[in-house]
Amino acid sequence: MNEAGVEAAILAMNALGAGILLFVSGVVQNMMNDMDELAFKDFARTFLRTATSDLFTVTIGTIPILAVIFYFAAYGFHHWWFSAGIVIWIIGSSITKIINLPVYNWIRDTGSADADELRKNRRRLQLGNVSRAWVTLLSVVVMACQFSVQATMLAVTSCAVIAAPSAWMARRYFRV
């Protein structure tokens, strides 16, 4: 595969990840916001366990990291837009880990059930999820600038195409 092909594959995976993150930060987070504190903790614990063991989710989260390492080793940093998009993606992912990991660890702790602490952690989780979704979308746009305006619009559209039907379907089934 040539350099442009590797860039397009990484961009496509990043766009898919952005679509998933937009769905989680929008639909799933709104569902969690409507739950009482203990229901939120139970749902979040189940969601976390399921997401970290789901082959598709783990693959979408892992392959881009490996692909980026391969890309930089094979082709270097000379495509500035693409490299900047990768750096934005890594920064967004890192910031989110810093925000969300303490919440995930707290959720896993079965002894913690303080309602005020649950509300605080739910808001913190929302901040992390929304931040990561928008930073990832920004990274998709910046990476796509390497190709053309048409590729950039295609990447943004693909994020919307992935997120919109999922959001519509989830709202249909999860109305309270």
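The values are calculated or read from the model by the stated rules, or taken from the named source; none is laboratory data. In this text, all values refer to a predicted model and were calculated from it rather than measured experimentally. With ideal geometry, Cβ positions are generated from the backbone for all residues, glycine too; neighbour counts draw on all protein chains shown. For the accessible areas, the whole protein counts, side chains as well, though only heavy atoms, and no ligand, DNA or RNA atoms are used. Shrake-Rupley method; radii C 1.70, N 1.55, O 1.52, S 1.80 Å.
Rounded to the nearest 20 Debye, what is the dipole magnitude of region 1-144 about its Cα centre when Lys and Arg each give +1 and Asp and Glu each give -1 at the C-beta?
160 debye
Full extension from Arg124 to Val161: what is 0.36 nm times the residue separation minus their Cα-Cα distance, to one decimal in nm? All intermediate terms of the calculation are to be shown ahead of the outcome.
Values: separation 37, 0.36 × 37 = 13.32 nm, distance 2.76 nm.
Here the answer is 10.6 nm.
Taking the highest mean first, how do the peptides 89-99, 122-132, 72-82 order by number of other beta carbon atoms within 10 angstrom per residue?
122-132, 89-99, 72-82
Helix 149-173 versus the longest principal axis of the chain: what is the Cα-based angle in degrees, 0 to 90, to the nearest 10?
That helix lies at roughly 20 degrees to the long axis.
When the helices in the chain are scored as -39500 (n - 2.57) per DSSP H run of 4 or longer and the sum is shared across all residues, what 222 nm value do you end up with, to the nearest 500 deg cm²/dmol?
Mean residue ellipticity, 222 nm, calculated: -29000 deg cm²/dmol.
Helix 115-144 against the longest principal axis of the chain: what's the angle in degrees, Cα atoms only, rounded to the nearest 10?
With rounding to tens, the tilt is 10 degrees.
Starting from the Kirkwood Rh over alpha-carbon pairs, what translational D in µm² s⁻¹ does region 1-99 have by Stokes-Einstein at 37 °C and 0.692 mPa s? If you can, show how the numbers build up before the last one.
Numbers: Rh = 15.3 Å.
Stokes-Einstein gives a translational diffusion coefficient of 215 µm²/s.
What FRET efficiency do you get for Asp114 and Trp134 if R0 is 35 Å and r is their Cβ-Cβ distance, rounded to the nearest 0.05? Please list the in-between numbers first.
Values: r = 30 Å, r/R0 = 0.86.
Computed FRET efficiency for Asp114 and Trp134 comes out at 0.70.
Quick one: angle between helix 37-53 and the longest Cα principal axis of the chain, in degrees between 0 and 90, rounded to 10, please.
Tilt relative to the chain: about 40 degrees.
What whole-number value in Å² describes the accessible area per residue of region 50-116 for a 1.4 Å probe?
Per-residue value: 61 Å².
When the dipole is taken about the Cα centre of region 68-151, and only Lys, Arg (+1) and Asp, Glu (-1) are charged at their Cβ, what size is it in debye, to the nearest 20?
120 debye
Measure off 7 Å from each Cα along the Cα-to-Cβ vector at Ile69 and Phe56, then give the distance between these two points in nanometres to one decimal.
Label at Ile69, label at Phe56, 2.6 nm between them.
Over the chain, with every protein chain in place, what whole percent of the accessible area is carbon and sulfur at 1.4 Å, could you tell me?
Roughly 69 percent, rounded to a whole number.
Can you give the Kirkwood hydrodynamic radius for the chain, in Å, rounded to one decimal and based on Cα pairs?
When all Cα pairs of the chain are included, the Kirkwood radius is 17.1 Å.
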